[in-house]
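Single-structure report; data block below.
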Amino acid sequence: MSGGTIWKGSVHFGDMDVPVKLHTAVKEERIQFHLLHRRDRVRLHQQMICVYEKTPVQPEAQIKGFEVEEGKYVIVDQEELEQTTPESSRMIEVHEFVKSSQIYPLFLDHVYYLEPDSEIYASRYNELVGALQRMSMAGICTWTMRKRSYLGAVQARGKILRLSTLRYADEVISAASLELQEIPVSEKELNIGSELINQLTAPFEPQKFKNEHQKRLQQLIDKKARGEKVVLLRPRILQPTAQDKLLEVLEASLKKAA
Amino acid sequence: MSRKVIEIAGRRLALSNLEKDLYPSWGFTKAHVLDYYRRIAAFMLPHLKDRALTLKRYPDGVGKAFFFVKRCPDYHPVWAKTAEVRRGSSKMMTVCLANNLETLLWVENLASLELHVPLSRTGSPETPDAMVFDLDPGEQATILDCAIVALILRILLTRLRLASYPKTSGQKGLHVYVPLNYREATFEDTKIFSKTVAVIMQKNYPDLVTAKMAKEQRTGKVFINWSQNDASKTMICVYSLRAREKPFVSFPLEWKELERLVRQGKPESLQVMYSEAVSRVEESGDLFRQVLIKKQKLPHL
Amino acid sequence: MWSGTVSFSLVAIPVRLVKAVKPGHITFRTLHRTDYSPLARRMYCPKHEQIVPPDEIVRGYEIVPDRYLPITDEELESVSPERSRTIEIIEFIDMDEVDPIYYDHPYYLVPLKGGEKAYRLLAEVMRRTNRAGLAKFVMVEREYLVAVISTEGALAMITLHYSEEVLPDDGIAPKEEKMDAKELSLMEQSIRNMTADFDPGKYANNRRESVMELVKLKMKEHAPVEAPAVEEEAGVGPPDLVAALEEIMRDVKKSR
């Protein structure tokens, strides 16, 4: 079962209201490392340091400033600024609906499951799921949760609604800014490439991928903790495919895949 | 959105948003900004070369939000030259070096109206190649007061056998540069020297000069900001545009010209606009060239 | 950041990883309440009470409370040496089948010298076939399941959650499956009325404008504060220099 309720709100658009509870949808469990001082293995902490005096400053002595000019700040309550609607409204306000496919993956951030706040809203909830599902639409919305404003998308998956937070456009670097060179690729190369990819295509089954590394890492730690010697292995570095050999390599790949 | 792809030295650069009005009261668009930097480049690039660039970006034009960018964006073109510099006591940071026209135009395509550079080059970050007196007028003081202080400063420096070169800040102040260009120069020396000069100036001209940072002490006076002589500080690069209402440039002046302008007594006449900047360098070359080559040592230290 | 190879079948493309996400245009600085000095986040050693530079830092695993076993980068790399420098695409999947709930953090891949053509080919072929590549790859201490996707002519790499990290959604849907056909069509009608194209820039601008408005308001209430410049007591300088300057000053004043 998903995590407990973390927040309650109401999906609102037009004169429609669907009260919902947010649940965490993802939980990460990973081997935790800490950062140590090399010479004596003292565990280090992240600290806010005064850049002039190089001394730590405790949280109660910290304030937030918005830099209006180099070295000049307007003192602000960051939470107050980040909150575009009052938190008390509890409204997940849908501003518009867009085709789900238009939301580029790079914009998607966290996902929450939405549960109807009460069985009384079951049919309304089901209707919204059904409508979004049938139309392949997502509702672009904003809301304020824990004193921060979020941009997000309400989407349907199976029988439930999900709420994804979206990154703001000024947080996502555009591919155009990478200034990639336009390099001509022949139709023949593209055709063979497509055929190769078709050959190598499988259904999306993420459950078949396990984090094997985690186990091996644990083994390495155990070994080292017992004082045994750890054999260092060099990473494998592949020889890049030469530009003028690309067609040849693609053809060989295709033969291998077939 | 207009886009235009240009090619310089075989490198392709996509320019975007060219019609964006970056100086709205002047109708000065991004295309104008790019054109200005293209035309001034031959004179400006030697002053930018190998210096860790700080961009002051105005994506929505002057008067709107701006951002200081010191870290070279990860998405920089592969051909743009970068350098690793130490930031603070520990962290390393990648910075952009505007060593050629294409990089200059790339950063300008990011609407980096102002280009700020340190007084040292990335290869020798602790070695200033010039000492600077940043003359900043407090409230009720003007660029003319700065010019008067600059002229006194010049006499002092000349008597110490140091040649100096003034430029406008493009805002309200003036910058007086003393070229050093010798390997043993340190910021410690330039700081102590400039500070001593500032303090002595303040002592002798208390109504005109202050060496103190505090705002309330600056009213009606010229603040000689000696603390710019520091590895962590940057100055507006000569020939950079400034993000003011009008497209003024930080531009080098001759001492004689400065004397004449002080006699005329019109603050506006000290400002150099982009168009004048281009025609002046084309006619008389780079007045700031000596700052890059003249070797001088600070005496009495 | 990271550089290595992205490969599929026998094709190997040298690439480097670059950020796809950055802080937005609105950034706040943490300041010291007393004098508005800017603060910076640093690794700090509580025992020696000092800032620790990166070259003195090593990763450690807590074996028993407060006792740590240091693990070096070389040791970490050696756990899965075949994956620490290679993003090997194991299979391709249909983009439409990917459940976005798996998406975690995006990066771009940028081709290194000599890899430009194969990079362009992979990006174009994945775009045409609407496919993404699935790969496993190790960065520092973590192994990631990643999707290599084609976006706006570039290759992006999105780290994915492992399926055991995605919590089941049972118990979320309402128990009753009822739905009112008339209500549903009304719902669809109002969705249709509110349909637009996805334009994320609009929301970023709105946010920036509202923040800038508040900042302007704040500036009317209080002038911006200024961080102190490092300023010592304005003392006298080196004696020789002071003497020389004072002498010149006397002459200057006499002549003016």
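The values are calculated or read from the model by the stated rules, or taken from the named source; none is laboratory data. Predicted, not measured: the structure shown is a model, and the values here were computed from it. Positions of Cβ are generated from backbone atoms using ideal geometry, with glycine treated the same way; all protein chains shown enter the neighbour counts. Protein only, heavy atoms only, side chains kept; ligands, DNA and RNA dropped before computing areas. Shrake-Rupley method; radii C 1.70, N 1.55, O 1.52, S 1.80 Å.
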The listed residue being closer than 30 Å to residue C:81 by Cβ, in contact with a Leu (Cβ under 6 Å, 6 or more places away or on another chain) and either facing chain A (nearest Cβ under 7 Å) or among the small types (Gly, Ala, Ser) (or both), out of C:145, C:214, C:155: C:145
What's the total number of residues in the range B:10-27 that are outside any strand (DSSP E or B), more than 14 Å from chain A (Cβ to nearest Cβ) and either more than 16 Å from residue B:61 (Cβ to Cβ) or of a type in the set (Phe, Trp, Tyr) (or both)? 1
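Name the single residue that is farthest from residue A:190 (Cα to Cα) among those in the range C:108-162 being among the hydroxyl-bearing types (Ser, Thr, Tyr) and in a strand (DSSP E or B).
Ranking the candidates gives C:144 first.
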Could you please find all residues in the range C:17-31 being more than 10 Å from chain B (Cβ to nearest Cβ), in contact (Cβ under 8 Å) with a residue 60 or more places away in the chain and touching a strand residue (DSSP E or B) at 6+ places or on another chain (Cβ under 9 Å)? C:21, C:31
Out of the range C:192-215, which residues are modelled with pLDDT of 85 or more, open to solvent by 80 Å² or more (accessible area, probe 1.4 Å) and either assigned to a loop (DSSP other than H, G, I, E, B) or under 30 Å from residue C:21 (Cα atoms) (or both)? C:197
Give the number of residues within the range A:56-66 that are in a loop (DSSP other than H, G, I, E, B) and surrounded by 14 or more Cβ atoms within 10 Å (Cβ to Cβ). 1
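Which residues, counting only those in the range A:212-258, are β-branched (Val, Ile, Thr) and more than 7 Å from every other protein chain (Cβ to nearest Cβ)?
Passing the criteria: only A:231.
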Can you tell me which residue among B:221, B:212 is over 18 Å from the mean Cα position of the chain (by Cα) and touching a residue at least 40 places away in the same chain (Cβ under 8 Å)? B:221
Exactly one of B:94, B:103 is more than 9 Å from chain C (Cβ to nearest Cβ), under 30 Å from residue B:10 (Cβ atoms) and open to solvent by less than 30 Å² (accessible area, probe 1.4 Å), and that residue is B:103
Members of the range A:40-50 found to be part of a loop (DSSP other than H, G, I, E, B) and facing chain C (nearest Cβ under 7 Å), listed by number: A:41, A:42, A:44
Name every residue in the range B:126-168 that is of a type in the set (Ser, Thr, Tyr), touching a residue at least 60 places away in the same chain (Cβ under 8 Å) and within 15 Å of residue B:255 (Cα to Cα), in order of residue number. B:165, B:168
Residue within the range A:93-103 that is at the interface with chain C (Cβ under 7 Å from one of its Cβ atoms), open to solvent by 60 Å² or more (accessible area, probe 1.4 Å) and farther than 27 Å from residue C:171 by Cβ present: no
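Yes/no per residue for (1) within 14 Å of another protein chain (Cβ to nearest Cβ); (2) modelled with pLDDT of 95 or more:
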{"residue": "B:134", "(1), (2)": "yes, yes"}
{"residue": "B:140", "(1), (2)": "no, no"}
{"residue": "B:146", "(1), (2)": "no, yes"}
{"residue": "B:149", "(1), (2)": "yes, yes"}
{"residue": "B:158", "(1), (2)": "yes, no"}
{"residue": "B:167", "(1), (2)": "no, yes"}
{"residue": "B:171", "(1), (2)": "yes, no"}
{"residue": "B:183", "(1), (2)": "no, no"}
Cβ pairs under 7 Å, 6+ apart, first in the range C:5-16 and at the interface with chain A (Cβ under 7 Å from one of its Cβ atoms), second open to solvent by 10 Å² or more (accessible area, probe 1.4 Å) and among the small types (Gly, Ala, Ser): C:9/A:257; C:10/A:252; C:14/C:114
Residues of the range C:105-121 being of a type outside the set (Val, Ile, Thr) and either facing chain A (nearest Cβ under 7 Å) or at positive phi (or both), which ones? C:106, C:108, C:114, C:115, C:116, C:117, C:118, C:120, C:121
Per the list (1) facing chain C (nearest Cβ under 9 Å); (2) open to solvent by 50 Å² or more (accessible area, probe 1.4 Å); (3) touching a helix residue (DSSP H, G or I) at 6+ places or on another chain (Cβ under 7 Å), residue check on residue A:157 breaks on (3)
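What tally of residues in the range B:191-200 results from selecting those that are more than 8 Å from chain C (Cβ to nearest Cβ) and either closer than 16 Å to residue B:151 by Cα or over 23 Å from the mean Cα position of the chain (by Cα) (or both)?
Within the range B:191-200, residues that are more than 8 Å from chain C (Cβ to nearest Cβ) and either closer than 16 Å to residue B:151 by Cα or over 23 Å from the mean Cα position of the chain (by Cα) (or both) number 2.
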For the range B:90-103, pairs from a residue that is touching a residue at least 60 places away in the same chain (Cβ under 8 Å) to a residue that is part of a strand (DSSP E or B) and buried (at least 16 other Cβ atoms within 10 Å of the Cβ), with Cβ under 7 Å and 6 or more apart or across chains, are B:101/B:8; B:102/B:8; B:102/B:11; B:102/B:13
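In the range A:1-28, which residue that is outside any strand (DSSP E or B) and more than 7 Å from every other protein chain (Cβ to nearest Cβ) is surrounded by the fewest Cβ atoms within 10 Å (Cβ to Cβ)?
Selected residue: A:15.
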State all residues of the range C:178-191 that are facing chain A (nearest Cβ under 7 Å), open to solvent by 30 Å² or more (accessible area, probe 1.4 Å) and not in a loop (DSSP other than H, G, I, E, B); if no residue qualifies, say none. C:183
Residue under question is residue C:175, and the condition is that it be in contact (Cβ under 8 Å) with a residue 60 or more places away in the chain, open to solvent by 40 Å² or more (accessible area, probe 1.4 Å) and not in a strand (DSSP E or B); does it hold? no
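Any idea which of A:172, A:185 is crowded, with 18+ Cβ neighbours inside 10 Å and in contact (Cβ under 8 Å) with a residue 12 or more places away in the chain?
The match here is A:172.
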Given the structure, is residue B:198 outside any loop (DSSP other than H, G, I, E, B) and either of a type in the set (Gly, Ala, Ser) or buried (at least 22 other Cβ atoms within 10 Å of the Cβ) (or both)? yes
Every residue in the range B:240-285 that is buried (at least 19 other Cβ atoms within 10 Å of the Cβ), out of contact with any helix residue (DSSP H, G or I) (no Cβ under 9 Å at 6 or more places or on another chain) and more than 16 Å from residue B:143 (Cα to Cα), please. B:243
Condition met for residue B:151 (in a helix (DSSP H, G or I), in contact with an Asp or Glu (Cβ under 8 Å, 6 or more places away or on another chain) and open to solvent by 10 Å² or more (accessible area, probe 1.4 Å)): yes
Candidates B:66, B:43 - the one that is surrounded by 19 or more Cβ atoms within 10 Å (Cβ to Cβ), at pLDDT below 90 and outside the structural domain of residue B:281 (by TED's automatic domain parsing): B:66
Residue selected from the range C:86-107 under the condition assigned to a helix (DSSP H, G or I) and open to solvent by less than 70 Å² (accessible area, probe 1.4 Å), by the criterion nearest to residue C:8 (Cα to Cα): C:95
